[in-house]
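Beneath this line is the structure, given in structure tokens, with notes to follow.
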């Protein structure tokens, strides 16, 4: 797959922050930024899939009444946890939930 070079401007503070994060991961700054963009794209795709599933689930009054914790809070926590652990660990957790035969959220690539 051919690649294209993209130039962007960063504030000095942003450059310093990203450069330190890239160095902590032992990556070139460009590689680090590209991976962050790709992970953000994957996170957004996951969020859209979860929102779609939530909309389908919320349509059922019975399903909504089973949970005493507000569904919005649970979904927010799920989004944050998936973003923190990243796609690989998220996929492992998803597989474990399926293995023990609990209902799962749809997981891209899972």
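Laboratory data are not the source of any read-out in this text; all were calculated from the coordinates shown. Since this is a predicted model, take the numbers as computed values, not measurements. Neighbour counts run over all protein chains shown; Cβ positions are idealised from the backbone, glycine included.
Restricted to segment 16-27, and to residues there that are without any contact (Cβ under 8 Å) to a residue 12 or more places away in the chain and assigned to a helix (DSSP H, G or I), the residue that is farthest from residue 85 (Cα to Cα) is 16. Filtered by the rule that a residue be loosely packed, with under 12 Cβ neighbours inside 10 Å and more than 30 Å from residue 69 (Cβ to Cβ), segment 32-58 gives 37, 38.
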